[in-house]
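Before any comments, here is the structure.
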Amino acid sequence: MDRAIPQTTQNRRLRRRWLLGAGLLLLLAVGLLAFRTVLRPGLSRASILTARAETGDVEASLTAAGVIIPAHEAVITSPIQSTIRRVAVAVGSRVQPGQTILELDRELTSTALAKLQDEQQQHRNKNSQLQLSLEKALNDLRSQEQVQQVKVRSLQSALRDEQYLLQIGGGTAESVRQAELSLRVARLEQQRLAEQIRNQRAANAADVRELGFTLQIQERSITELAGKLQQANISSQQPGVLTWVNEDLGTTVQAGDPLARVADLSRFRVRATISDAYADALHLQDAVVIRINGTDLRGTISTISPAVEKGVVSFYATLAQDHHPALRANLRADVFVVTKAHHNVVRLKNGPFYQGGKEQPVFVVQDGKAVRRIVQFGDSNFDYVQITGGLRPGEEVVVSDTKDYADTPELTLHD
């Protein structure tokens, strides 16, 4: 027959059921919490960059590529057609005015100079011969004029005789008219000779002037070539540093070919290029910021090239501190052309998070979490983005790239 189960056994079994149920509930709660944690995305603080919104200035700018160049650089060209004989100064050395940098071969120019001098002597001889010839022709005309003057005086005397004979009845009117006609013809011939002498003198003077011009031109050519020959030892007219020299010995150079460059490395400026899409945004005297190895220098646009080459526009900028120690010739630099300036506005460090729009979501750090928030933006530059709404100064924002979490409302931050 059945026996009654003791009360202690029943209590023990009941407690076991309760403990088992509680354990299952606890296990279920822990599972649900773990599942919820797995579903909520998180980020490690070490893998992100953050920045705090602050109050400051934002200068909207265009980015250009720049190169530091000397403020003054002299290009020394070849004065003659010649060949390079010797390079006397190495690139990077300081040079003084008159110091020989490079020597050219003088033989070809010396031969040309001697030829010009011989031609000049020939021209002088021709000038002497021409003057003798012209003087002889003029003397001949003068002699003819003198003979004609004697002839005119003789005919005048004959006319007076004929007139006297006519008065005393010993001559005829026909003889008088014939004497008058002969005198008139002689006087016309005398006038013709006088005019011919004047023309001959003018022609002589013109021929002498023409040959004189030839002599002057030749003399200038000789002087110019002699001066160029003296310049065959290439030197600088100003003190500076030799930044480049043609070191190809024996190379033939033409007159006007560059041989060396001497620069004053105590002052610098900037040559920059920017896409032609921003050509209309460039203006003379626009402010620029030159960034060199973390150092910012300010300046203004001094020259804008009117031509577009290969899709870029070139411009030059002068620096307020054109002697700054960070400046080096041919050093590359980032150039920011300031187009608009905002003062005392809310700003945030620029970073990969910023997509360039006027409004976008960002993640604001709050209580160990990154909460998605819509923020409005204004102008920007390489360093900062202007905040026009959605953030207050002091709030911390994730500035790393968060495109993978664009639709996530909240991120858990963990160490």
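Overview of results
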item: Whole-number percent relative contact order across the range 206-358, with pairs defined as alpha carbons under 8 Å at least 6 apart; result: 19
item: Rounded accessible area of F213 (nearest 10 Å², 1.4 Å probe); result: 120
item: Packing-based order for 78-85, 249-256, using average beta carbon neighbours within 10 Å, highest first; result: 78-85, 249-256
item: Whichever lysines have a C-alpha closer than 24 Å to that of K358, once near sequence neighbours (fewer than 8 apart) are set aside; result: K340, K349, K403
item: Residue-count net charge about L183 - beta-carbon cut-off 13 Å; Lys, Arg +1, Asp, Glu -1; result: +2
item: Highest to lowest packing among 405-414, 378-387, scored as the average C-beta count within 10 Å; result: 378-387, 405-414
item: Nitroxide proxy distance, nm - points 7 Å out along Cα→Cβ at A203 and S305; result: 6.1
item: Stretch gain in nm, segment T295-R392, where the contour uses 0.36 nm per residue and the Cα spacing is subtracted; result: 32.0 nm
item: Contour excess over end-to-end distance, with Cα ends at E103 and E135 and 0.36 nm allotted per residue; result: 6.5 nm
item: Length released on extending from D383 to T412, taking residue separation times 0.36 nm less the Cα-Cα span; result: 7.7 nm
item: Probe 1.4 Å - accessible area at V176, Å² to nearest ten; result: 10
item: Sequence-distant residues sharing a close amide H with A333 (under 5 Å, placed H); result: G66, V67, I68
item: Virtual spin-label span in nm between R94 and T63, 7 Å along Cα→Cβ; result: 3.9
item: Amide proton proximity set for Y384, modelled H, under 5 Å, gap of 5+; result: N350
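The values are calculated or read from the model by the stated rules, or taken from the named source; none is laboratory data. Bear in mind the structure is a predicted one, so any value in this text is a computation, not a measurement. Methodologically, a virtual Cβ is constructed for each residue, glycine included, from the backbone with ideal geometry; neighbour enumeration extends over all protein chains shown. Note: areas computed on protein heavy atoms with side chains; ligands, DNA, RNA excluded. Shrake-Rupley method; radii C 1.70, N 1.55, O 1.52, S 1.80 Å.
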